[in-house]
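To keep things clear, I will list the structure first and then write my remarks on it.
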Amino acid sequence: MNAKVNISNRAGASFPVRRMNFDFNNVPEYWMNGSVGLTHFMTALSALFPAGEKFFIDSVRTVRHHPMIKENQELQKEISAFIGQEAMHTHEHIGFNASAQKYGHDIATLEAKTDTVIQTFRKIFVKLSKPVGITQEMIDLTATTALEHFTATIASELLRNEYIQELMTDKTMATMWAWHAVEENEHKAVAYDVFEGVFGQGLKAYALRTSSLTMAMVVLFITQSYFVARLLKQDQQLNLASLKDIYTYAYSPSKGVIYGMGKEMLAYFKLGFHPNDLDTVDLLTTWKAKLGF
């Protein structure tokens, strides 16, 4: 472990809040196997997190005292721990993004653009949905529920895919992503349980959550791909070699992290789906032991 860890579970939730305090000062510019393309692919993901995690926190916090769930003490404990973990993810990704910025990669602009994308689309979606009685709070919570499914799914793939793990040659970054991946799976059901507690399991709730996932994935893919292209272009590395590395790492059927997510992503469209249907208990046990948690 190359970070000081302070673990708190004062909320009494089923998972703790870990304060990691990574030191990114010695992380190489191209920390992922020396590859420009792979490093920028992951940096583009990291640029999404500060504004994205804040959106998740705000969305859940806004409805945590809804009459349907405010007396559910177990869920309230989970919400508190969820907020704590997401706040720590924000803190550490801000730290890494700042370290990448020092190499001349304009991550600050991408962080600001992420917030612009979030605010723009949440306003568009609520305007389109208002005639059928869908509120801003509903839009925000369903988007959070959908995106939490994405983050938990890509996280479990990172923890399973040994090819990807071998490419994370910098110990600090490998540990940071593994820690984040573990915690995304620890709290993967919280936003979903809040959503079901507030909106139930009926046809309207099903249509809302599945359409939200579809739209969120389109927006996410376009935004992250634009970020990757922008970073590569600024670095004068927008070329076939970089794009080939990214394709193999992310999209190839044999090794790709995005390709490997397909089955679990589609599970979200099942009637009666719940995040805990995707069992990661043994996977997390293994990785928590590796990380010394």
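The values are calculated or read from the model by the stated rules, or taken from the named source; none is laboratory data. Keep in mind that this is a model prediction, so the values were computed, not measured. Cβ: placed from backbone, ideal geometry, glycine included. Neighbour counts: every protein chain shown. Note: areas computed on protein heavy atoms with side chains; ligands, DNA, RNA excluded. Shrake-Rupley method; radii C 1.70, N 1.55, O 1.52, S 1.80 Å.
Some values worked out for this structure:
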{"item": "Filter pass, K188 being modelled with pLDDT under 95 and in contact with a helix residue (DSSP H, G or I) (Cβ under 6 Å, 6 or more places away or on another chain)", "result": "no"}
{"item": "Residue in segment 33-54 that is over 17 Å from the mean Cα position of the chain (by Cα), outside any loop (DSSP other than H, G, I, E, B) and either modelled with pLDDT under 95 or of a type in the set (F, W, Y) (or both) present", "result": "no"}
{"item": "From the options F199, F150, F121, residue that is among the aromatic types (F, W, Y) and open to solvent by less than 50 Å² (accessible area, probe 1.4 Å)", "result": "F150"}
{"item": "Set A44, A81, A87: member being open to solvent by less than 20 Å² (accessible area, probe 1.4 Å), under 18 Å from A178 (Cα atoms) and of a type in the set (G, A, S)", "result": "A44"}
{"item": "Boolean, L208 is modelled with pLDDT of 95 or more, among the aliphatic types (A, V, I, L, M) and in a helix (DSSP H, G or I)", "result": "no"}
{"item": "Residue tally, condition of a type in the set (G, A, S) and not in a helix (DSSP H, G or I), over segment 67-104", "result": "1"}
{"item": "Where a residue in segment 160-173 is touching a residue at least 40 places away in the same chain (Cβ under 8 Å) and within 20 Å of T248 (Cα to Cα) and its partner, wherever it lies, is open to solvent by 80 Å² or more (accessible area, probe 1.4 Å) and assigned to a loop (DSSP other than H, G, I, E, B), with Cβ under 7 Å and at least six apart", "result": "Y163/K255; L167/N33; T169/N33"}
{"item": "Matching residues, segment 65-107, being farther than 24 Å from G197 by Cβ and in contact with a helix residue (DSSP H, G or I) (Cβ under 7 Å, 6 or more places away or on another chain)", "result": "T90, E92, H93, I94, F96, N97, A100, Q101, H105, D106, I107"}
{"item": "Scope segment 216-275; condition basic (K, R) and surrounded by 15 or more Cβ atoms within 10 Å (Cβ to Cβ); matching residues", "result": "R230, K255"}
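Matching residues to (1) open to solvent by 30 Å² or more (accessible area, probe 1.4 Å); (2) closer than 15 Å to E53 by Cβ; (3) not acidic (D, E):
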{"site": "P131", "(1), (2), (3)": "yes, no, yes"}
{"site": "E137", "(1), (2), (3)": "yes, no, no"}
{"site": "I154", "(1), (2), (3)": "no, yes, yes"}
{"site": "E157", "(1), (2), (3)": "no, no, no"}
{"site": "R160", "(1), (2), (3)": "yes, no, yes"}
{"site": "Y163", "(1), (2), (3)": "yes, no, yes"}
